[in-house]
1. Setting aside same-chain residues fewer than 8 positions from K43, which aspartates and glutamates have a Cα under 17 Å from its Cα?
2. Report the semi-axes of the equivalent ellipsoid for segment 37-152 in whole Å, largest first, where each axis is √(5λ) for an eigenvalue λ of the Cα gyration tensor.
3. What is segment 47-181's relative contact order, in percent, from Cα pairs under 8 angstrom and six or more apart in sequence?
4. Could you state the principal axis extents of the C-alpha atoms in segment 101-141, from the largest down, to the nearest angstrom?
5. Any chance you could give the angle, 0 to 90 degrees and rounded to 10, that helix 191-204 forms with the longest Cα principal axis of the chain?
6. Against the longest principal axis of the chain, how steep is helix 92-104, in degrees 0 to 90 to the nearest 10, with axes from Cα atoms?
7. Starting from one equal scatterer on each C-alpha and no solvent at all, send me the Debye-based log10 I(q)/I(0) for segment 146-187 at q = 0.27 Å⁻¹, two decimals.
8. Would you list, by chain and number, the lysines whose Cα falls below 27 Å from the Cα of K66, excluding same-chain residues fewer than 8 positions away?
Amino acid sequence: MRQRGPVTVRDPLAPILAALGSGRAGSSDYDLNPEVRLPPGRKLRAAGVLVPVLCGGGAPRVILTKRSSALKHHPGQIAFPGGKQDAGDPDITATALREAQEEIGLDPAHVETLGFLPRHETVTGFDVTPVLARISAPFTPLPEAGEVEEVFEVPLAHLLELARFRVEKRRWRGDWRRYYAVPFGPYYIWGATARILRNMAEMAGPR
């Protein structure tokens, strides 16, 4: 009887990792609104977000947060853990790791950073660098009181299917603004978060 060799389990992040550093252009909240003319030389504030992929205990999942409904800015919206770069942060990866620890209790020692997804410009004037990361250790979230209402997981496979993304629109400052959305169950993932996830799905290729 012929014996089978060892089964090789393909890294679900392999296509994305292969596309990192390929020079892919960044994205913007204005991508779907070509009528908007952005002023040249505009100054953006640097921000870093962590795109944490939980790889232990079954199919890989992406960790996301629901912002507190009591917040002044973007209440109740779905977001990655992250925020603006502080003067004390040595680099943008440190910013993403610090914010993730503060917002959801993710220990940086359990985070394997893998590289940067394409940068994204927001309508609020931030230049956001998404840091892709793998989380292999068990993780119990500790949401930051007053800022994070909920921490939840979305299957990576769901977020890598381009067909799940759709273009929607709403009124913003008197004009119609179009944006990407990728709903999951009761969670309405849209705006910059959805755009960053779509970049990742495009990098992974057709499924």
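1. Within the straight-line limit of under 17 Å, K43 reaches these aspartates and glutamates: D29, D86, E121, D127.
2. Working: eigenvalues 115, 60, 33 Å².
Equivalent ellipsoid semi-axes, largest first: 24, 17, 13 Å.
3. Details: 267 pairs, mean separation 40.8, N = 135.
Here the relative contact order equals 30 percent.
4. Principal extents (largest minus smallest coordinate, Cα): 35, 21, 11 Å.
5. Helix 191-204 and the main axis of the chain meet at about 40 degrees.
6. 90
7. Log-scaled intensity ratios, in q order: -0.94.
8. The reachable lysines, counting only those whose Cα sits under 27 Å from K66, are K84, K169.
The values are calculated or read from the model by the stated rules, or taken from the named source; none is laboratory data. This structure is a prediction, so every number in the text was calculated from the model and none was measured. Please note that ligands, DNA and RNA were not included when accessible areas were found on the heavy atoms of the full protein model with its side chains. Shrake-Rupley method; radii C 1.70, N 1.55, O 1.52, S 1.80 Å.
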